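Have a look at the structure that comes next, please.
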Amino acid sequence: QVQLVESGGGLVQAGGSLRLSCAAFGGIDSVNGMAWFRQAPGKEREFVAGINWSGGITYYADSVKGRFTISRDNAKNIVYLQMNSLKPEDTAVYYCGGRKWVVPKDPVTVDFWGQGTQVTVSS
């Protein structure tokens with residue numbers, strides 16, 4: 001059974017940066033495709049960024065393009081989300097999700113979820 005564990009969230013001022021990490025344990029082959037999602041209070045969970053197994057293909061939501069970068073270290077089984085130029089509207093719980101072979105871009109297609117990490121951006 002795959003376990004995904006996020007870390008790196010916190011409180012930051014607008015314009016600041018944070019780096020989130022998602023470590024995968026057990027059954028790594030079941031989560032070749034990885035992505036970050038976020039859910040703000042009262043809103044649906046939305047796709048933020050995704051990455052394929054090799055790291056050679058990445059996807060971003062329009063709202064984060066040019067500010068966020070997703071990457072992965074397969075030797076350590078960790079996926080990162082570097083978040084720069086943060087805005088108050090980026091405030092949400094951030095979740096990593098994984099799926100076999102395909103990069104999940106819709107929450108309903110995710111097979112495994114982490115527990116989430118809170119990101120709060122103050123104005």
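Which residues among the range 45-65 fall inside the zone where the amide N is under 20 Å from a point 7 Å beyond the Cα of Lys87, along Cα→Cβ?
Only 45-50, 59-65 pass the distance filter.
Check cross-link reach from Lys76 to the lysines: straight Cα distance under 19 Å, and skip same-chain residues fewer than eight apart.
Of all the lysines, those that pass the test against Lys76 - Cα under 19 Å, at least 8 places apart if same chain - are Lys100.
Does the range 7-49 come out rounded, prolate or oblate by the C-alpha gyration tensor, with a ≥ b ≥ c the root eigenvalues, rounded set by a/c under 1.5 and, if not, prolate when a/b is larger than b/c and oblate if not?
Values: a/c = 2.68, a/b = 1.55, b/c = 1.73.
Oblate, since a/c reaches 1.5 and b/c is not below a/b.
Over the range 37-123, calculate the relative contact order: mean separation of alpha carbon pairs under 8 Å at least 6 apart, over the residue count, as a percent. Intermediate values should be presented prior to the final figure.
On the way: 142 pairs, mean separation 25.1, N = 87.
This gives 29 percent for the range 37-123.
Using the Cβ atoms and a cut-off under 14 Å, what net charge is assigned to the surroundings of Gly66, where Lys and Arg are +1 and Asp and Glu are -1?
Values: positive: Lys65, Arg67, Lys87; negative: Asp62, Asp90.
The answer is +1.
Separate question: Going highest first, how would you order 91-97, 41-47 by mean Cβ packing within 10 Å? Working shown, then result.
Details: 91-97: 23.0, 41-47: 12.0.
The packing order, highest mean first, is 91-97, 41-47.
Quick one: what does P(r) look like for the range 42-118 with 5 Å bins over all Cα pairs, in whole %?
Going out from 0 Å in 5 Å bins, the range 42-118 shows 3, 14, 26, 29, 19, 8, 2, 0 percent.
Tell me, what % of the accessible area of the chain is carbon and sulfur with a 1.4 angstrom probe? Walk me through the intermediate numbers first.
On the way: 3040 of 6180 Å².
The nonpolar share, carbon plus sulfur, comes to 49 percent.
So, by mean Cβ neighbours within 10 angstrom, what's the order for 100-110, 76-86 with the highest one leading?
Numbers: 100-110: 15.5, 76-86: 18.9.
Going from most to least packed, we get 76-86, 100-110.
The values are calculated or read from the model by the stated rules, or taken from the named source; none is laboratory data. All values derive from a computational prediction rather than experimental measurement. Note: ideal-geometry Cβ built from the backbone for every residue, glycine included; neighbour counts use all protein chains shown. Ligands, DNA and RNA are excluded from the accessible area calculation, which covers all protein heavy atoms including side chains. Shrake-Rupley method; radii C 1.70, N 1.55, O 1.52, S 1.80 Å.
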